[in-house]
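Peer 1: Structure incoming, see below.
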Amino acid sequence: MSGLISILADGIAYGMLLFLFSIGLSVTLGLMRFINLAHGAFAMCGGYVAVVLLNGFGVPFLLTLPAAAVVTGLIGVVLERSVIRHVYPMPELQQVLFSIGLAFAAGAVANILFGPQQQPMLLPDWLTARVSLLGVGITGYRLFLVLFGLVAAGLLVALFNFTLFGARVRAAVDDRRAAEGIGINVDRLFALTFGLGAAFAGLGGALAVGFLGLDPTFPFKYLVLVLMVVAIGGPGSIGGSFAAAIAIGAIDALFKYLVPEVGNYVIYALLVLMMIFFPRGLAGRAA
Amino acid sequence: MRLIRIGAGLPLLLAAVASFFLFPEYLSLLNTLFILAIFALAYDLLQGHAGVVSLGHAVFFGMGAYTAAVLAAHGVTEPVVGLLAALLLSGLLALLLTRIVVVGNDLTRLLVTLGIGFLMLEAANQARWLTGGADGMSDFTMGPVLGLFRFDFAGETAFWYSLAALVLVYAFLWRLTTSPFGLALRGIRENVRRMPAIGAPVRRHLATAYTISGGIAGLAGALLAQTSNFASLDMLGFERSAEVMMMATLGGTGSIPGVVLGAVGFSYLKDALSAMSPKYWHLGIGLVLMLSVFVLRGGIAGGVSALLRRLRGRG
Amino acid sequence: MTPAIETEGLTLRYGHFTAVGDVSLRVEAGARHALIGPNGAGKTSLVHALTGNVPATAGRIRVAGQDVTALSQAERVRRGLARTFQINQLFRGLTVMENVSLAILERERKTRQFWRSFAADRAVAEEAREHLAFAHLEELADRPVRSLPYGSQRLVEIAIALATRPRVLVLDEPAAGVPAAQSESIFERINALPRDLTLLFVEHDMGLVFRFAERITVLVGGRIMTEGTPAEIQADERVREVYLGRRGHHGAA
């Protein structure tokens, strides 16, 4: 029983990471209608930033997290302003091709700079220790991930629901033309949102190194799961993405534990089943 | 685009035949290029003609490869029989999957095709008793083609065998894309919302296209397994699915000769460059793909027809 | 006589918003029937619900006495109910000829053929030429639609719909977005359509409506406010009130 609970905790921690990876994609899809298959590259970027700072410069772990978010966010804004915004008006096919190209290039750059091997990351002792919570032992890092994910989700919900920026984004998601009509600077909004999405992915990537590992194949490794989160949660919905990410993380971990032989593909089978019964995604909103 | 569609088949065929005499030491590479051209043509029926993207088309390629390999390992060594079986089984698999691929929007379609790809990869990996798992399958021998032509070490038989298949597929698809059905597919590509307003059964059209495309992709996979005497997991992996999309796009999606050129050029470069350094190959292909969205929208074929238009305009 | 279209309590809701509310409409066979109303009155929504573009929330729709409520848009087209779109919905990369031929091929169920060239089908080509001749598009036949001037694209909209051989044709602002001189000639073509083809059209320009319609239904807030002959509608105080308040917007449109 306690084994099951600690597996579940594992799954929820995993779900938190999936949430951080996918929230940016969800919002950019909802807002700019941009199918960004390279979103995982931002997570990878955050991971490498954290690894370089931690292993190379001895920056404390907790400081590498905001640094990863900021650096990745800035890269996101620069890319958005220089290239990506020209891709928004293109048809889906062109968006898919462009973003696959971007993901390939990003993986190759990582490979050239850091080599094809897994990146080691030495976590501080307080994170590797096992903690006992309600009689169940879990690693401190899992607990840290869960708490961190909750805080991040809370911050995002607050940002989107209680700030002017959030109101503008929501208005533009609902009706872009009307938002422009009432004087919202949509261009700047897009850049900020894209950067924010990249920053959260970068943060997720930095957090993921100690849990999922990091290598140049990262951009495509979690692509299916991230797209699943977006499709189930509904593009542009924070709450939906959060719930979907936790559910997927938990289900994936649970089945890998319960039926290890087939656990790897239960989640894909689930995806196919879902598409048979809910062809337009559970949220039912078309992208 | 129309200009080069009509006239390009014959020169391409002549070039292929000439390559047999010009590059006798590269026959097995040429054989691979023909096979990938067939695969790209099959995929482009969806992307270029019907305007539907798939990120898991290697599933059918792999299905065909394993069908041919498993049949040969169980004593059915006539290559043409294996080819037909692969065509049918892959087509059948595609038909079964149409229900979930054809409905929904682009996002769910990408997701589903990706998901099916990973699912099939995992299934082939698990079914070691049938597929050899991660080691692949190589313990089979092919008989002579039609009982007459034995596969030789230099790859001469394989060359003609695959080229014959390519010519047949090329002709079939050329006919298909100029037919009423082909026009309906282009209608879906140009405006899927108008189609129901002229009474068109869009799902049925897409299902038919998907089945044909899957079948031909399986044929290509079978050719590769038969001529290389090997079937492995990478034949149905994500990278192969992404590559076929790149071949079609760089060659000029929607143009049959363009796609053939794209597949041949892409695969040749890949063979040459990735031998030197796979990471620079990935960087290069990524950058080219990103650029291709902005310049040279129509790929090689688009570039050629734009050039022809310009020359004619001057002359 | 059985009406060409008949709706009974037709309702279309998006969430809490009622776009079309309890509309019971009768369009007689061979009618020239106009649907008017201020912006946001639900005219296009009604067209969507009628033709099956969007499934109706409640109510029934009959075409020539046959209940089509449960049928998809494509199946309604096969029963003779065609439409055009307010914003062009064309096959932009195909030629004008291909646009019209495709509609004919779909009607004849010939799009299952993949072993012969569609261009070699003489019967289809001949019929397509007839539709193009009617729409004065013959000279543009081999041009891709996207290269056509907007006014000609509006005529392609109509030619495609005609190629489905409809019994009822619903035209959603057929002259939307074209200059006044051209909208005149578009309506001249519409007026030249055979009398046994029933026409229901949405139009903003009152001048055109009063000239070409024989019967007018006024839609306000998703509901039918009144219906009558052009003379009756012109004399109706309430209709004038609805439009007067918005004269600046609609008087000239």
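Where a number appears in this text, it was derived from the coordinates with a stated rule and is not lab data. Computed from a prediction, not measured in an experiment: that's the story for all the values here. Neighbour counts run over all protein chains shown; Cβ positions are idealised from the backbone, glycine included.
Peer 1: Using R₀ = 45 Å, calculate the FRET efficiency as 1/(1 + (r/R₀)^6) where r is the Cβ-Cβ separation of residue C:26 and residue B:96; round to 0.05. Spell out each step's value before the answer.
Peer 2: Working: r = 47 Å, r/R0 = 1.04.
Taking R0 as 45 Å, the efficiency between residue C:26 and residue B:96 is 0.45.
Peer 1: I'd like the Karplus ³J(HN,Hα) series for the stretch B:87-99: coefficients 6.51, -1.76, 1.60, θ = phi - 60°, whole numbers in Hz, and an x wherever there's a Gly or Pro.
Peer 2: Per-residue couplings from phi come out as 4, 5, 5, 5, x, 5, 4, 4, 4, 5, 7, 4, 3 Hz.
Peer 1: Which FRET efficiency value, to the nearest 0.05, do you get for residue B:78 and residue C:54 by plugging their Cβ-Cβ distance into 1/(1 + (r/R0)^6) with R0 = 56 Å?
Peer 2: On the way: r = 55 Å, r/R0 = 0.98.
The formula returns an efficiency of 0.55 here.
Peer 1: OK, next. Out of all DSSP beta bridges with both ends in the protein assembly as shown, state the antiparallel percent to the nearest 5. Could you put the intermediate results ahead of the total?
Peer 2: On the way: 25 of 41 bridges.
Looking only at bridges with both residues in the protein assembly as shown, the antiparallel portion is about 60 percent.
Peer 1: Whole angstrom only: what separates the Cα centroid of the stretch C:73-152 from the Cα centroid of the stretch A:37-61?
Peer 2: With the stretch C:73-152 and the stretch A:37-61 each reduced to a Cα centre, they are spaced 56 Å.
Peer 1: Ok, one more. With a sphere of radius 15 Å drawn around the Cβ of residue A:186, what net charge do the other residues whose Cβ falls strictly inside it have (Lys, Arg +1; Asp, Glu -1)? Numbers along the way, then the final one.
Peer 2: Working: positive: A:33, A:81, A:85, A:168, A:170, A:176, A:177, A:188; negative: A:80, A:174, A:175, A:180, A:187.
Surrounding charge for residue A:186 is +3.
Peer 1: Could you order peptides A:56-64, B:171-179, B:197-205 by the average number of other Cβ atoms within 10 Å of their residues, highest first? Walk me through the intermediate numbers first.
Peer 2: Details: A:56-64: 12.2, B:171-179: 18.3, B:197-205: 20.8.
Averaged packing, sorted descending, gives the order B:197-205, B:171-179, A:56-64.
Peer 1: Something else: Give me a single rounded figure for B:120-132: the average over its residues of other chain Cβ atoms within 10 Å of their Cβ. Before the final figure, lay out the partial values.
Peer 2: Numbers: counts 2, 3, 7, 4, 0, 2, 4, 0, 0, 0, 0, 0, 0.
Partner-chain Cβ atoms within 10 Å, mean over residues of B:120-132: 2.
Peer 1: Name the residue farthest towards the positive end of the dipole of the stretch B:2-314 from the options B:93, B:59, B:253, assuming +1 on Cβ of Lys and Arg, -1 on Cβ of Asp and Glu, about the Cα centre.
Peer 2: The listed residue farthest towards the positive side: B:253.
Peer 1: Next question, about the same structure. Per-residue ellipticity at 222 nm for the protein assembly as shown, helices alone: DSSP H runs ≥ 4 residues times -39500 (n - 2.57), over residue total, nearest 500 deg cm²/dmol? Mind showing how you got there, number by number?
Peer 2: Details: 37 runs with 533 residues, N = 855.
Computed mean residue ellipticity for the protein assembly as shown: -20000 deg cm²/dmol.
Peer 1: With bins 10 Å wide starting at 0, give me the P(r) of chain C over every alpha carbon pair, in whole percents.
Peer 2: So the P(r) values, bin by bin, are 7, 30, 35, 21, 6, 1, 0.
Peer 1: Run the quick spin-label model on residue A:150 and residue A:126: label points 7 Å from Cα toward the beta carbon, then report their separation in nm to one decimal.
Peer 2: Placing both labels 7 Å beyond Cα along the Cβ direction yields 1.8 nm.
Peer 1: Where nothing but the Cβ of Lys and Arg (+1) and of Asp and Glu (-1) is charged, how large is the charge dipole of the protein assembly as shown around its Cα centre, in debye to the nearest 20? Provide the component values of the computation, followed by the final result.
Peer 2: Working: 67 positive and 55 negative charges, 241 e Å.
Dipole of the protein assembly as shown, to the nearest 20 debye: 1160 debye.
Peer 1: Sticking with this structure for a sec: Under 25 Å Cα-Cα from residue A:221, which lysines qualify once same-chain neighbours fewer than 8 residues away are excluded?
Peer 2: Within the straight-line limit of under 25 Å, residue A:221 reaches these lysines: A:256, B:270, B:279.
Peer 1: What are the extents of the Cα atoms of chain A along their three principal axes, listed from largest to smallest and rounded to whole Å?
Peer 2: On the principal axes, chain A reaches 57, 48, 36 Å in Cα extent.
Peer 1: Would you mind checking the stretch B:12-54 for residues with the amide N under 14 Å from a putative spin-label position 7 Å along Cα→C-beta of residue B:308?
Peer 2: Only B:12 fall inside the zone, counting backbone N under 14 Å.
Peer 1: Provide the FRET efficiency to the nearest 0.05 for the residue B:277-residue A:55 pair, computing r from the beta carbons and using R0 = 25 Å. Don't jump to the answer; show the numbers that get you there.
Peer 2: Working: r = 25 Å, r/R0 = 1.02.
The calculated FRET efficiency here is 0.45.
Peer 1: Okay, moving on. What does the charge count around residue A:103 come to, taking other residues whose C-beta lies under 15 Å from its C-beta (Lys +1, Arg +1, Asp -1, Glu -1)? Kindly include the intermediate steps, with their values, before the conclusion.
Peer 2: Values: positive: A:221, B:279; negative: A:215, B:239, B:243.
Here the charged neighbours net out to -1.
Peer 1: How well do other chains shield peptide A:262-275, expressed as the mean number of their Cβ atoms within 10 Å of each residue Cβ? Please report the intermediate quantities before stating the final value.
Peer 2: Numbers: counts 3, 1, 6, 9, 2, 3, 10, 4, 1, 9, 7, 1, 5, 11.
Mean inter-chain Cβ contacts per residue within 10 Å come to 5.
Peer 1: Please list, by residue number, everything in the stretch A:11-51 whose backbone N is under 19 Å from a paramagnetic label point 7 Å out along Cα→Cβ of residue A:74.
Peer 2: Within reach of a label on residue A:74, which here means backbone N under 19 Å from a point 7 Å along Cα→Cβ, the stretch A:11-51 contributes A:42-51.
Peer 1: Can you tell me the length gained on complete extension of the stretch residue B:234 to residue B:127, counting 0.36 nm per residue apart and subtracting the Cα distance? Each step should come with its number before you reach the end.
Peer 2: Numbers: separation 107, 0.36 × 107 = 38.52 nm, distance 1.50 nm.
Extra length available between residue B:234 and residue B:127 comes to 37.0 nm.
Peer 1: What list of ³J(HN,Hα) couplings, whole Hz, do you get for the stretch B:109-124 from phi and the Karplus terms 6.51, -1.76, 1.60, once you set θ to phi - 60° and write x for glycine and proline?
Peer 2: 5, 4, 4, 5, 5, 4, x, 4, x, 5, 4, 5, 4, 5, 5, 5
Peer 1: Here's a follow-up. What is the average number of partner chain Cβ atoms found within 10 Å of a Cβ in C:89-100? Could the numbers behind the result be given before it?
Peer 2: Details: counts 7, 3, 10, 3, 8, 6, 1, 0, 0, 4, 6, 1.
Mean shielding by partner chains, rounded to a whole number: 4.
Peer 1: Sorted from largest down, what three extents in whole angstroms do the Cα atoms of the stretch B:2-314 have along their principal axes?
Peer 2: Principal axes ranked by extent give 53, 45, 39 Å for the Cα atoms.
Peer 1: What does the highest-first list of A:219-230, C:50-61 look like by mean Cβ count within 10 Å? If you can, show how the numbers build up before the last one.
Peer 2: Numbers: A:219-230: 25.0, C:50-61: 19.0.
Result, highest mean Cβ count within 10 Å first: A:219-230, C:50-61.
Peer 1: Of C:164, C:55, C:90, which is farthest on the positive side of the dipole of chain C, counting Cα position, with +1 on Lys and Arg Cβ, -1 on Asp and Glu Cβ, and the Cα centre as origin?
Peer 2: It is C:55, whose Cα lies furthest towards the positive end.
Peer 1: In whole Hz, what ³J(HN,Hα) sequence does the stretch B:149-159 give by Karplus (6.51, -1.76, 1.60; θ = phi - 60°), x for Gly and Pro?
Peer 2: With the stated coefficients, the stretch B:149-159 comes to 10, 7, 5, 9, 5, 6, x, 5, 4, 4, 4 Hz.
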